[in-house]
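Worksheet: the structure to be examined is printed underneath.
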Amino acid sequence: MKKIVSKIDKKKIKELLERGVNEVIERDHLEKRLLSGEKLRIKLGIDPTSPNIHIGRAVILLKLKEFQNLGHQIVFIIGDFTGEIGDTSDKESERPMLSTKQIKENVKTYIEQVGHILDVDKTEIHFNSQWLQKIGYQEIGRQADQFSLAEFIARENINKRLKAGKRISLRELLYPLMQGYDSVVVKADLEVGGTDQRFNLLAGRSLQSYYQQAPQDILMMNLILGRDKRKMSSSWGNTINILDSPEDMFGKVMSLHDDLIISYFEHCTQVPLSELEKYSQQLKQDQVNPRDLKLKLASEITSIYWGRNKAKQAQENFSLVFQKKEKPNEILSKSTTKKNIIEVLADLGLAQSKTEARRLIEQKGVRVNDEIVNDFNFRVKKGDLIQKGKRHFLRIV
């Protein structure tokens, strides 16, 4: 048994297993191993179904960082193979298969994004296509024999789809085998995931037992809600992304519903729990303006990903734009060969598509040189200042 050198703090271990945590499977077993100083292999897998990792997923990365600081080995698996197949755990309808090309495009900055939290030099990183592409039908059949159809359809979202008469493909039944087999290959001692991953996490335990490995312990984190109070999801566009600019990140946090403040402090920051209890009481007793706490929250979250200096600058820009109705101190400049406002918005990334650009104009969400744009045929020239919404500014050069 390999030992870690970190001094074992019982209080720290208790918080590690409870803060933001929904459930720990084999809690006593895991806690005993952590207190013994044993160095554990702690696994997390993320499928690159989107080019962005949002802070809902980063909740787990922050937990892994705590384990890493204690000296444990973090094993990060990029699901380039499972991402093509598609996990149905949190979906109310069948997730379409993605192309290999799309996965390769999405995965380009994943390690960079993870590096905003974890020390990637100390992190073991794998792509699960390395082993999943090699498995044949015979081995898949043996793995599948460890589970029953009844176990699969007992899952809440699958059960709802069956009752609603929605299609469930046989491909979806295979996904838990793949995630479970990842745990076998990397010999995981502990797997960390969201509550929506419960069945897949347990599949890892079953397959490890089948392959005569000790079954991994499981730590499940709460899922945080997005800016529209639904589960944070890239497909819904309600995310705060790791690679959002400091200004965007700060502004998105400030747009959160007031009743999400404490949850975000708990799951998305490292502010001491004693402070959170004080904030919670202040909110309940109307002793503090929620907006003031959101300023602290936005600063804490932005600092994690961009550092204190950029977080401070983002707060100053937020104050200029939203409180003093002035322009930010620094305005990004870009060039484009396009002239039509719709094409310019799409070309420079102010809109994801021409359709979205038209919608922004219809909603009076675009200004050029402080004037609202109403004409789809408006022509942009060098030197013009484009503003999208309240906080996005861009100078044409």
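The values are calculated or read from the model by the stated rules, or taken from the named source; none is laboratory data. Computed from a predicted structure; not experimentally measured. Cβ placement follows ideal geometry from the backbone for every residue including glycine, while neighbour counts extend to all protein chains displayed.
Kindly list the number of the only condition in (1) modelled with pLDDT of 95 or more; (2) outside any loop (DSSP other than H, G, I, E, B) that fails for LEU118. The failed condition is (2).
Taken together, the residues in the stretch 359-381 that are in contact with a strand residue (DSSP E or B) (Cβ under 6 Å, 6 or more places away or on another chain), at positive phi and either in contact (Cβ under 8 Å) with a residue 12 or more places away in the chain or assigned to a strand (DSSP E or B) (or both) amount to 1. Scanning the stretch 131-159 for residues that are more than 16 Å from TYR211 (Cβ to Cβ) and either in contact with an Asp or Glu (Cβ under 9 Å, 6 or more places away or on another chain) or not assigned by TED's automatic domain parsing to the domain that holds TYR211 (or both) returns PHE152, ASN157, ILE158.
Screening the stretch 154-244 for helices (runs of 4 or more DSSP H) wholly inside it with 2 or more residues that are among the polar types (S, T, N, Q), out of contact with any Pro (no Cβ under 6 Å at 6 or more places or on another chain) and buried (at least 22 other Cβ atoms within 10 Å of the Cβ) returns the ranges 170-186. Residue count for the stretch 344-358 satisfying the condition of being touching a helix residue (DSSP H, G or I) at 6+ places or on another chain (Cβ under 7 Å), assigned to a helix (DSSP H, G or I) and among the polar types (S, T, N, Q): 0. Pairs are defined by a Cβ separation below 7 Å, a sequence spacing of at least 6 or placement on different chains, a first member in the stretch 56-81 that is assigned to a helix (DSSP H, G or I), and a second member that is surrounded by fewer than 20 Cβ atoms within 10 Å (Cβ to Cβ) and basic (Lys, Arg); the pairs so defined are GLN68/LYS122.
Within the stretch 121-143, the set of residues being surrounded by 12 or more Cβ atoms within 10 Å (Cβ to Cβ) and in a loop (DSSP other than H, G, I, E, B) comprises THR123, ASN128, ILE135.
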